[in-house]
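Input: a single structure, listed below in structure tokens.
Quick note: the coordinates plus some simple rules give every number you see, no bench work behind them. As the structure is a prediction and not an experimental result, all values here were calculated from the model. In this analysis, Cβ positions are derived from the backbone assuming ideal geometry, glycine residues included, and neighbour counts consider all displayed protein chains.
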Amino acid sequence: MAKRGIILMNLGSPDSTEVKDVRKYLMEFLMDERVIDYPYIFRLLLVGGIIAPFRAPKSAEAYKSVWTQEGSPLIVLTKQLQQALQPNVEEPVEIAMRYGHPTMEEAYEKLAARVPDLEEVIAIPLYPHYAMSSYETAVEHAKSVHKKKKYSFSLSFIKPFYNEPHYISALTESIKPYLQQEYDQVLFSYHGLPQRHMTKADPTGKHCMKVQNCCEVSSPAHATCYRHQCWTTTQMLVNELNIPSSKVGFSFQSRLGSEEWLKPYTALRLKELPGEGVKKLVILCPAFVSDCLETLEEIAMAGKETFLHAGGESFMVIPCLNVHPLWVQSLVTWVQDFAAGKRDMVLT
Ligand SMILES: C=CC1=C(C)c2cc3[nH]c(cc4nc(cc5[nH]c(cc1n2)c(C)c5CCC(=O)O)C(CCC(=O)O)=C4C)c(C)c3C=C
Ligand SMILES: [Fe+2]
Ligand SMILES: [Fe+2]
């Protein structure tokens, strides 16, 4: 049997809620050329001179409102996922964050210490949907650290799993209990992206945001089309859960800056929905597998306030998959398939 290890990769959080740590985190995150993709000098002036200094105190307050005794929810929940997965697989499991700690290098070193003569690492980016600013940067960073450190073990990545049957079925089961009560709409809110990133990621150069209903028209562009992948996850869940199409909402959250991002914007929809007769809302955020600042503060706190203030009556937030047993089982299946030589889920 190959000497193998697993790394669960997530986005990462500041080291603490102190403004200086949040500023450092924002600098590392937003100076990533796949997140703010402007030329280096312009990016440095914008991020270092405006965004990080002005945003850090506000973000620090937001982080304080969700921080736990053990730390950032995103990291705590990723560790819990590691602990839930570990007894179910033979391979040692470590976690790594794209920004902050634990770093990719730390995770490789821990695996190498746990597995003498490590031969193979399976990295699982915990992003269901492909985006240059999430999945791609995580993969490219993992590859570049691997190359820089000249590790001898091979490196494979699990593909974006937005339509993978085990993931869809885990999500379906996690959502079901929340649809027992009466609701007017289920809003699927995904992390947003600048619209420009969609056209940039389109290898055909003529499909995304150019063809009418681009995400619903078959195209090779969909392998890297974030909006298509979000739309597909939604359609699959709606079918599995038999949600009437009149009760389905689809929107994008967490916009940053003045550029146009994917629309409709969640924050705006939450203001408008009560006026359209949607008083009882169920909301979920399938772009995240672990609850984090964007689900716990932006949606469950700020979003709820917006909706109720606009005349909404009930606001039910469905938690992310976190450590749902069926989600843990999905990861087990992917790892076992990999070990058995089935490589459908592996990026080539
Ligand atoms: C779901 C995947 C994510 C994509 C795609 C993504 C794109 C993206 N994000 C920003 C800016 C920020 N995002 C922030 C937080 C944050 N983002 C994701 C995931 C994706 N981002 C997660 C899981 C989190 C939460 C982290 C946590 O610690 O809980 C933040 C920091 C917080 C804040 O100040 O709002 C920023 C900034 C951009 C610009 C972008 C695409 C271009
Ligand atoms: Fe983000
Ligand atoms: Fe598209």
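Once each part is reduced to its C-alpha centroid, what is the distance from segment 91-128 to segment 305-348 in angstrom? Cα centres, segment 91-128 to segment 305-348: 20 Å. If R0 equals 25 Å, the separation of the Cβ atoms of residue 143 and residue 83 corresponds to a calculated FRET efficiency of about 0.40. Counted over segment 165-317, the DSSP beta bridges are approximately 5% antiparallel. Output the antiparallel fraction of DSSP beta bridges having both residues in the chain, as a percent to the nearest 5. Antiparallel bridges make up about 10 percent of those DSSP assigns within the chain. Based on C-alpha pairs under 8 angstrom that are at least 6 apart in sequence, the chain has a relative contact order of 21 percent. Near residue 185, the amide H atoms lying under 5 Å from its own belong to 280, 282; only residues 5 or more places off or on other chains count, and H is placed 1.01 Å from N.
Between the residues 214, 46, 295, the greatest Cα displacement towards the positive end of the dipole of the chain, with unit charges on the Cβ of Lys, Arg, Asp and Glu, is found for 46.
With each label modelled as a point 7 angstrom along the Cα→C-beta vector, the residue 20-residue 337 pair spans 4.7 nm.
Here is the P(r) of the chain: all C-alpha pair distances, binned every 10 Å from 0, give 5, 24, 34, 27, 9, 1, 0 in whole percents.
Summing +1 for each Lys or Arg and -1 for each Asp or Glu, what net charge is found among the other residues whose Cβ lies under 12 Å from the Cβ of residue 46? Walk me through the intermediate numbers first.
Details: positive: 43, 55; negative: 37, 259.
Net local charge, residue 46 excluded: 0.
Label positions at residue 58 and residue 163, each projected 7 Å from the Cα along the C-beta direction, are separated by 3.7 nm.
Using 1/(1 + (r/R0)^6) with R0 = 41 angstrom and r between the beta carbons of residue 305 and residue 117, what's the FRET efficiency to the nearest 0.05?
On the way: r = 54 Å, r/R0 = 1.33.
After rounding, the FRET efficiency stands at 0.15.
When you restrict to C-alpha pairs under 8 Å that are six or more residues apart and normalise by the size of segment 1-141, the relative contact order lands at 44 percent. Taking 7 Å steps out from each Cα toward its Cβ at residue 37 and residue 212 produces label points 2.7 nm apart.
Given a Förster radius of 51 Å and the C-beta distance between residue 348 and residue 50 as r, what FRET efficiency does 1/(1 + (r/R0)^6) yield to the nearest 0.05?
On the way: r = 40 Å, r/R0 = 0.79.
For R0 = 51 Å, the calculated efficiency reads 0.80.
For 41, 95, the sequence from fewest to most other C-beta atoms within 10 Å is 41, 95.
Taking other C-beta atoms within 10 Å as the exposure proxy, 231, 334 rank 231, 334 from fewest upward.
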